[in-house]
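As structure tokens, the structure follows; a few thoughts come after it.
None of the figures in this text is laboratory data; all of them are computed from the coordinates on show. Since the structure is predicted, the reported quantities are computational estimates derived from the model, not experimental observations. In this analysis, Cβ positions are derived from the backbone assuming ideal geometry, glycine residues included, and neighbour counts consider all displayed protein chains.
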Ligand SMILES: C[S@@+](CC[C@H](N)C(=O)[O-])C[C@H]1O[C@@H](n2cnc3c(N)ncnc32)[C@H](O)[C@@H]1O
């Protein structure tokens with residue numbers, strides 16, 4: 001399975017990531033295509049007992065690893081997991097998610113031709129003021145990371161989210177030499 005097990009978390013400047021993400025205490029956060037939970041586990045610490053992290057991936061072994069690590073870390077009750085294809089209906093109530101993290105997954109969805117249904121589901125589950133946080137590899141040659149041809153420029157990401165009524169806000173943050181972070185939210189007055 002493409003990408004399974006390859007987290008970007010160890011390639012990014014995590015201090016910059018958390019600073020850009022902002023305070024998440026008490027929020028409901030979706031970690032879309034979470035892998036083995038490299039982002040999910042610190043997210044669970046960050047949202048705390050009053051928050052929730054919904055972590056989904058179609059890699060069942062990754063989800064099993066995440067569940068074991070969450071048990072060990074004592075955050076099992078904060079993390080809800082689902083083995084699911086994010087291009088299909090997400091097992092999440094509409095309008096219930098404050099923040100959806102898509103960490104180095106959008107380029108895979110684009111390469112598989114399923115970015116539109118996946119992003120449509122993201123807009124469905126977001127609260128009206130909900131945020132989508134995208135981490136993507138810089139459009140440059142790797143390794144690390146996928147071939148340049150499948151990487152997405154900021155302009156490409158922005159265009160794909162804008163089609164669904166999500167507009168960029170805040171600064172685009174360089175997360176070290178390999179990746180960038182950009183955040184999006186719904187155009188005022190638009191429902192999906
Ligand atoms: C590059 S990894 C990133 C994992 C995680 N976001 C991280 O950086 O730690 C991509 C992940 O996306 C998952 N994935 C790819 N296509 C998917 C899909 N259609 N539905 C659910 N998960 C998918 C893979 O199983 C893999 O775990």
Q) For residue 46, which of the numbered conditions (1) near the ligand (Cβ under 9 Å from one of its atoms); (2) without any contact (Cβ under 8 Å) to a residue 60 or more places away in the chain; (3) closer than 30 Å to residue 170 by Cα fails to hold? A) (1)
Q: Name the single residue, out of those in the range 96-141 being assigned to a loop (DSSP other than H, G, I, E, B) and out of contact with any helix residue (DSSP H, G or I) (no Cβ under 7 Å at 6 or more places or on another chain), that is surrounded by the fewest Cβ atoms within 10 Å (Cβ to Cβ).
A: 113
**Q.** Residue check for residue 69: more than 15 Å from the chain's Cα centre (by Cα), over 13 Å from residue 32 (Cα atoms) and free of Cβ contacts under 8 Å to residues at least 40 places away in the same chain
**A.** yes
Q | Criterion violated by residue 184 - all others in (1) buried (at least 18 other Cβ atoms within 10 Å of the Cβ); (2) under 15 Å from residue 17 (Cβ atoms) satisfied | A | (2)
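Looking at the range 26-33, can you tell me whether even one residue there is touching a residue at least 12 places away in the same chain (Cβ under 8 Å), more than 19 Å from residue 127 (Cα to Cα) and surrounded by 21 or more Cβ atoms within 10 Å (Cβ to Cβ)? Let's see the steps before the verdict.
First, pick out the residues of the range 26-33 that are touching a residue at least 12 places away in the same chain (Cβ under 8 Å): 26-33.
Going one step further and asking which of them are more than 19 Å from residue 127 (Cα to Cα), we end up with 33.
Still in the running and surrounded by 21 or more Cβ atoms within 10 Å (Cβ to Cβ): 33.
Yes, that holds for at least one residue.
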**Q.** Pick from the range 142-154, criterion assigned to a loop (DSSP other than H, G, I, E, B) and farther than 19 Å from residue 9 by Cβ, ranking: nearest to the ligand (Cβ to nearest atom)
**A.** 147
Q | For residue 72: the one exception among (1) more than 16 Å from the ligand (Cβ to nearest atom); (2) over 19 Å from residue 9 (Cβ atoms) | A | (2)
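From 170, 176, 165, 145, which residue is over 21 Å from residue 21 (Cα atoms) and out of contact with any helix residue (DSSP H, G or I) (no Cβ under 6 Å at 6 or more places or on another chain)?
Details: 170 fails: over 21 Å from residue 21 (Cα atoms); 176 fails: over 21 Å from residue 21 (Cα atoms); 165 fails: over 21 Å from residue 21 (Cα atoms).
After applying the criteria, what remains is 145.
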